[in-house]
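Heads up, the thing below is written out as structure tokens.
The values are calculated or read from the model by the stated rules, or taken from the named source; none is laboratory data. What you see is a predicted model; the values in this text were computed from it and never measured. Here Cβ is always computed from backbone atoms with ideal geometry, including for glycine, and neighbour counts include all displayed protein chains.
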Amino acid sequence: MRPSLVIVGAGPRGTGLIERIAANAPELYDGSGLDLHLVDPHPPGAGRVWRAAQSPLLWMNSHAEDVTMFTDETVDMAGPVRPGPTLHEWAGIDGRTFADRQLQGAYLRWVHEQAVAALPSSVSVHHHPRRALRVSGPREGRQRVWLEGRPRPLPADLVVLTLGHLDAELDDEQRDLAAYARAHGLVHLPPDFTADSDLSALAPGEPVLVRGFGLAFVDLMALLTEGRGGRYDGDTYLPSGREPVLHVGSRRGVPYHSKIGYDWTGERPPLPRFLGPAQIDGLLARPAGFDFRRDVWPLVEKELGFAHYHRLFTVHPERTAMPWSDFEEKYAVVEAAAERETLVASAVPDPRDRLDLAALDRPLEGARYATHEAFQEGLREYVETDLSRRHDPRYSPDLAVFLGLLSVYGQLVRLGDIGGRWHGLFSYLASGPPGPRLRQLLALSRAGVLRFVGADMEVRAEDGVFRASSPTVPGHSVEARALVEARLPEPTVRRALDPLLRALHTEGVAESPDGLLRVDRVDGRVLDRSGRPHPRRFALGPHTDGRTPGAFTRPRTGGPAFRQNDATARAALEFLGELAGRAAA
Ligand SMILES: Cc1cc2nc3c(=O)[nH]c(=O)nc-3n(C[C@H](O)[C@H](O)[C@H](O)COP(=O)(O)OP(=O)(O)OC[C@H]3O[C@@H](n4cnc5c(N)ncnc54)[C@H](O)[C@@H]3O)c2cc1C
């Protein structure tokens with residue numbers, strides 16, 4: 001029997017893994033033959049999120065020059081570096097383009113083809129355009145992967161689950177809202193992939209409550225405006241008359257911070273500094289474990305502050321009141337947040353030059369507007385200020401904080417999943433919409449097609465309608481017959497609709513406190529509830545507690561996802577190599 005490796009999920013993560021298998025095979029696998037089965041109903045490379053069959057109005061939220069599927073020397077891994085083009089180099093487009101998802105899908109397809117071509121000739125690749133339903137088999141023996149519509153399973157010496165973003169069953173609140181909508185003839189769209197949602201029930205001119213102001217909202221906004229025939233004439237939106245009126249709010253009540261619109265120049269902050277491998281080792285060695293708020297967050301704050309002030313003092317010493325060497329020495333020793341604030345206040349005169357994470361995180365905290373209209377203007381001003389600051393290189397300490405966030409993420413991955421709150425903050429600060437999208441948002445607001453509800457948005461199902469209010473505009477509420485939850489489903493094992501993950505849950509895989517699939521931090525082997533790694537099952541990606549900031553790595557930033565792909569590929573090849581050796585002996 002030829003050894004067999006089954007990869008379930010052929011999106012970016014599955015593709016990155018094949019790239020690493022090809023890179024490491026010459027060293028670790030002696031060419032004794034291997035069947036590599038790739039299972040995914042969607043096309044290999046692009047997978048579901050990046051498939052060609054979707055609206056061209058949906059964009060990436062990364063600059064094309066910041067997207068690579070290839071490793072470089074900054075990746076800390078045992079396998080060899082195999083350089084390759086970024087998205088913008090491959091597509092021959094300007095590096096600052098926000099490519100649409102179809103183009104990124106074409107790049108991913110090409111990467112997939114390259115990776116397959118680079119595999120040793122003894123490896124045969126088979127794509128099965130089906131869902132995998134179940135993995136069975138003993139811990140110490142061959143696994144079987146059952147596919148939809150196929151009576152016989154695929155034999156698998158190893159299985160890797162690169163399942164990505166998953167659909168989930170409704171939680172109690174969503175179930176109640178759905179039942180209320182059914183009983184009163186209302187429309188309720190629960191958390192979903194916006195590209196896959198049926199939006200036809202959202203009628204022209206009708207108010208629609210939208211809960212969620214992140215990237216799912218941006219997709220929804222594009223599909224319900226330009227997607228309904230509206231267009232932009234410069235900064236003016238010309239409606240088609242087929243748009244509903246969107247009333248959007250969330251916990252923060254504001255959109256994610258704009259993508260930064262200028263390049264890094266000059267010396268990089270020397271990171272990691274206060275949150276590096278030594279601090280992570282220290283946290284992992286604590287016999288009583290660690291608490292994120294108490295033990296990790298202060299290190300995160302200190303690291304991000306260091307990145308910010310290093311940049312400010314290096315490129316704008318005229319905006320500081322102390323030599324960098326003095327500041328750095330004092331900054332290194334202060335521990336309490338209040339002492340740090342005092343130091344910063346004495347060294348950085350302009351508050352706009354200080355890093356205030358709490359204010360960045362909750363800009364509407366405590367804000368109250370007398371009228372709904374006053375708030376619309378206030379929020380437009382907020383977005384305009386954010387847009388201009390994030391495109392102004394005089395505020396390049398913001399970009400240093402972005403680099404700090406990437407560095408911190410790379411370190412925190414070793415702690416396992418440390419909570420959705422950190423992931424959310426990272427996305428809000430570092431993974432926001434392209435500037436042009438926020439300019440569209442402003443135009444839609446001025447045209448009255450988009451209205452802002454406020455922070456801590458509350459939605460009640462009452463009097464036969466949905467009603468939304470927010471403490472930002474006391475006394476104001478809005479009624480609608482439609483409610484859209486603009487966010488992805490939670491990627492938890494317990495609620496996943498995917499039968500494969502549910503079966504694993506029943507069998508006893510371990511879950512993180514956030515309900516994600518727990519995996520070994522080094523090579524991605526799936527853990528059971530006693531913490532034992534499964535010898536033959538691996539998982540990589542956003543449904544695991546080894547999740548990284550996103551699938552796409554910026555060139556020369558270390559890329560924790562690449563490190564993980566390399567470690568998993570090597571562990572898999574070593575295992576398969578030993579198996580082939582034993583069979584030959
Ligand atoms: C809408 C959206 C937009 C995004 N935009 C960006 C962006 O602009 N920039 C960025 O850096 N990141 C972005 N991300 C982050 C995202 O994590 C990555 O871009 C990437 O798609 C993740 O790759 P993945 O392979 O882990 O998961 P996915 O892309 O979700 O791929 C997983 C694949 O597994 C398949 N699968 C799942 N279950 C089964 C099963 N049981 N049987 C067979 N196949 C199965 C699915 O069909 C899918 O093709 C976005 C994510 C989403 C959801």
### Message
So, in the stretch 416-427, how many residues would count as being touching a Lys or Arg at 6+ places or on another chain (Cβ under 9 Å) and closer than 19 Å to THR557 by Cβ?
### Response
1
### Task
Answer yes or no: is there a residue in the stretch 51-59 that is within 16 Å of the ligand (Cβ to nearest atom), surrounded by fewer than 22 Cβ atoms within 10 Å (Cβ to Cβ), part of a loop (DSSP other than H, G, I, E, B) and of a type in the set (Lys, Arg).
yes
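Listed here are the residues, each with its yes/no results for (1) surrounded by 18 or more Cβ atoms within 10 Å (Cβ to Cβ); (2) more than 10 Å from the ligand (Cβ to nearest atom); (3) part of a helix (DSSP H, G or I).
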{"residue": "LEU17", "(1), (2), (3)": "yes, no, yes"}
{"residue": "ASN24", "(1), (2), (3)": "yes, yes, yes"}
{"residue": "LEU36", "(1), (2), (3)": "yes, yes, no"}
{"residue": "PRO43", "(1), (2), (3)": "yes, no, no"}
{"residue": "HIS88", "(1), (2), (3)": "yes, yes, yes"}
{"residue": "HIS112", "(1), (2), (3)": "yes, yes, yes"}
### Task
Mind listing whichever residues of the stretch 122-133 are within 9 Å of the ligand (Cβ to nearest atom) and part of a strand (DSSP E or B)?
HIS128, ALA132, LEU133
#### Entry: Close pairs from the stretch 2-25: first under 21 Å from GLY581 (Cβ atoms), partner at pLDDT below 95 and within 16 Å of the ligand (Cβ to nearest atom), Cβ under 7 Å, at least 6 apart
none
### Query
Only one residue in ASP520, ASP514, ASP545, ASP528 is surrounded by fewer than 24 Cβ atoms within 10 Å (Cβ to Cβ) and more than 24 Å from the chain's Cα centre (by Cα). Which one?
ASP528
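This table checks each residue for (1) modelled with pLDDT of 90 or more; (2) under 23 Å from GLY95 (Cβ atoms).
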position: HIS543; (1), (2): yes, no
position: ALA551; (1), (2): no, yes
position: ARG554; (1), (2): yes, yes
position: GLN564; (1), (2): yes, no
position: ALA567; (1), (2): yes, no
position: LEU573; (1), (2): yes, no
position: LEU576; (1), (2): yes, no
position: ALA580; (1), (2): no, no
### Task
Filter the stretch 424-441 for residues that are of a type in the set (A, V, I, L, M) and either surrounded by fewer than 18 Cβ atoms within 10 Å (Cβ to Cβ) or not in a helix (DSSP H, G or I) (or both) and give the result.
LEU425
### Task
State whether the residues of the stretch 148-156 include one that is assigned to a loop (DSSP other than H, G, I, E, B) and within 25 Å of the chain's Cα centre (by Cα).
no
### Task
Pick out the one residue from LEU405, LEU357 that is more than 29 Å from LEU58 (Cβ to Cβ) and among the hydrophobic types (A, V, I, L, M, F, W, C).
LEU357
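Scan the stretch 408-423 and tell me whether some residue there is farther than 29 Å from PRO560 by Cβ and part of a helix (DSSP H, G or I).
no
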### Task
Kindly indicate whether ASP30 is under 25 Å from PRO560 (Cα atoms) and either at pLDDT below 95 or within 13 Å of the ligand (Cβ to nearest atom) (or both).
no
### Task
Would you mind telling me which numbered condition in (1) over 17 Å from ARG273 (Cα atoms); (2) within 31 Å of the chain's Cα centre (by Cα); (3) touching a residue at least 40 places away in the same chain (Cβ under 8 Å) GLU377 fails?
(3)
### Query
Just wondering, is there one or more residues in the stretch 310-326 that are at pLDDT 95 or above, of a type in the set (A, V, I, L, M, F, W, C) and closer than 17 Å to ASP356 by Cβ?
yes
### Query
Mind checking which residues of the stretch 137-152 are away from the ligand (no atom under 14 Å from the Cβ) and surrounded by 12 or more Cβ atoms within 10 Å (Cβ to Cβ)?
GLY137, ARG142, GLN143, ARG144
### Summary
Here the qualifying pairs (Cβ atoms under 8 Å; residues six or more apart or on different chains; first in the stretch 281-303 and over 21 Å from LEU355 (Cα atoms); second assigned to a loop (DSSP other than H, G, I, E, B)) come out as LEU283/PHE290
### Task
Just name the residue that is modelled with the lowest pLDDT out of those in the stretch 159-184 that are within 16 Å of the ligand (Cβ to nearest atom) and in contact with a helix residue (DSSP H, G or I) (Cβ under 8 Å, 6 or more places away or on another chain).
LEU166
### Task
Report those strands (runs of 3 or more DSSP E) wholly inside the stretch 456-564 carrying at least 3 residues which are within 16 Å of the ligand (Cβ to nearest atom).
533-539
### Message
Being touching a Lys or Arg at 6+ places or on another chain (Cβ under 7 Å), under 27 Å from ASP100 (Cβ atoms) and crowded, with 20+ Cβ neighbours inside 10 Å: is that true of GLY214 here?
### Response
yes
### Which listed residue is in contact with a Lys or Arg (Cβ under 7 Å, 6 or more places away or on another chain) and closer than 30 Å to GLY205 by Cα, from GLY253, GLY241, GLY249
GLY249
### Task
Please indicate, with yes or no, whether at least one residue in the stretch 311-329 is farther than 26 Å from THR265 by Cβ and either surrounded by fewer than 16 Cβ atoms within 10 Å (Cβ to Cβ) or under 34 Å from the mean Cα position of the chain (by Cα) (or both).
yes
### Query
If ASP66 satisfies every condition in (1) in contact with a helix residue (DSSP H, G or I) (Cβ under 6 Å, 6 or more places away or on another chain); (2) within 15 Å of the ligand (Cβ to nearest atom); (3) among the acidic types (Asp, Glu) but one, which is the exception?
(1)
### Task
Please determine, by comparing only the residues of the stretch 61-73 that are at pLDDT 95 or above and in a loop (DSSP other than H, G, I, E, B), which one is nearest to TYR256 (Cα to Cα).
VAL67
### Residue that is surrounded by the fewest Cβ atoms within 10 Å (Cβ to Cβ), among those in the stretch 467-511 that are among the charged types (D, E, K, R) and more than 21 Å from the chain's Cα centre (by Cα)
GLU507
